[in-house]
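Below is one structure, written out as structure tokens; comments come after it.
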Amino acid sequence: MARRDMAWSAASVAAVVLLWQAVSTLFVDPMFLPTPVAVLQGAWQLLLDGTLLSSIAVSMMRILSGWILGSAIAIPIGLAVGVSRTARALIDPFIHFFRFVPAIALVTLFIVWFGVGEVSKIILIAYATAFIVTVNTASGVSGISQDKLDAARCLGAKPLQVFRRVTIPASLPSIYVGMRLALASSFLVIAAAEMLAADSGLGYIIWTARLYFQVDWMFAAIIVLGLLGFITDRLWRWAGRTCSSASCAA
């Protein structure tokens, strides 16, 4: 079954590439829609001069740093909001206000506050990450069956033990999903941040390529960004399955 699914996926990708090749060759000026071969050639140029690899390293460093930082801040807040009605009353208004303020709108403000270096970009990604993880974590905690909590208390568990032995384990699936969604958001934010305020990274390649009208470079950076997102998402899924299997075995 898995092999058949992989075969269908490979066939669909090949079909899209062939369609792209046909459209860019027969119907559209390759200057505006370069062929897959031209994009590969552009990627090869960027690879040879070291620009592509260094940009991948810089962008992934920013993405992962902001994602981890935002998640580390958001998980305790989400747990507190889910467990305590007082914490929910105090924090909820700010969560549901700021999560509707897009990170892109804060790029200029963060540059003013934190400068044009790495700090502003990492904090921007952490901002985009934090609210997604917080909401999912709080939702997971609120969704824990009251019977589980009551059963733990009946067995003599103290509040801290209930939190450690029941609340946190039961909320892990929601935390996992929240971090996965936040990872995708991190990739969206990094592209815009590097276009507006950076001198390196994949977003910077996309933005700079317009000056030379190197559309093939744009496509190469966009495709690489998508591939990196796809790979990291699959790695996160694999980590979730591995941890779940290990828990079941334990």
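Values quoted throughout were computed directly from the atomic coordinates according to the rules given, and no laboratory measurement underlies them. All values reported here derive from a predicted model rather than from experimental measurement. Every residue, glycine as well, gets a Cβ built from its backbone with ideal geometry; the counts of neighbours run over all protein chains shown.
Some notes on this structure:
- Extension gain, residue 84 to residue 31, is 13.3 nm, computed as 0.36 nm per intervening residue step minus the present C-alpha separation.
- Angle in degrees between helix 51-83 and the longest Cα principal axis of the chain, rounded to the nearest 10: 20
- Taking the C-alpha atoms of segment 1-71, convex hull volume expressed per residue in Å³: 151
- Here the label points at residue 235 and residue 118, each 7 Å from Cα along the C-beta direction, are separated by 1.7 nm in the simple model.
- The residue 243 and residue 22 beta-carbon pair, evaluated with R₀ = 51 Å, returns a calculated FRET efficiency of approximately 0.70.
- Computed from Cα positions, the angle between helix 85-98 and the longest principal axis of the chain comes to roughly 10 degrees.
- For segment 89-193, the fraction of C-alpha pairs farther apart than 22 angstrom is 45 percent.
- Its residue count N sets the reference 2.2 N^0.38 Å, and the alpha-carbon radius of gyration of the chain equals 1.24 times that reference.
- Radius of gyration (Cα atoms) of segment 1-144, expressed as a multiple of 2.2 N^0.38 Å: 1.51.
- Helix 118-142 axis, angle to the chain major axis (alpha carbon atoms, nearest 10°): 40
- Of 31, 60, 195, the sequence from fewest to most neighbouring Cβ atoms within 10 angstrom is 31, 60, 195.
- Each residue of segment 114-250 gets 120 Å³ once the volume of the Cα convex hull is shared out per residue.
- Put in line by how crowded their Cβ is, counting other Cβ atoms within 10 Å and starting with the fewest, 133, 177 read 177, 133.
- Simple rule: put +1 on each Lys or Arg Cβ and -1 on each Asp or Glu Cβ in segment 33-176, find the dipole, and look at 175, 35, 46; the Cα lying farthest toward the positive end is 175.
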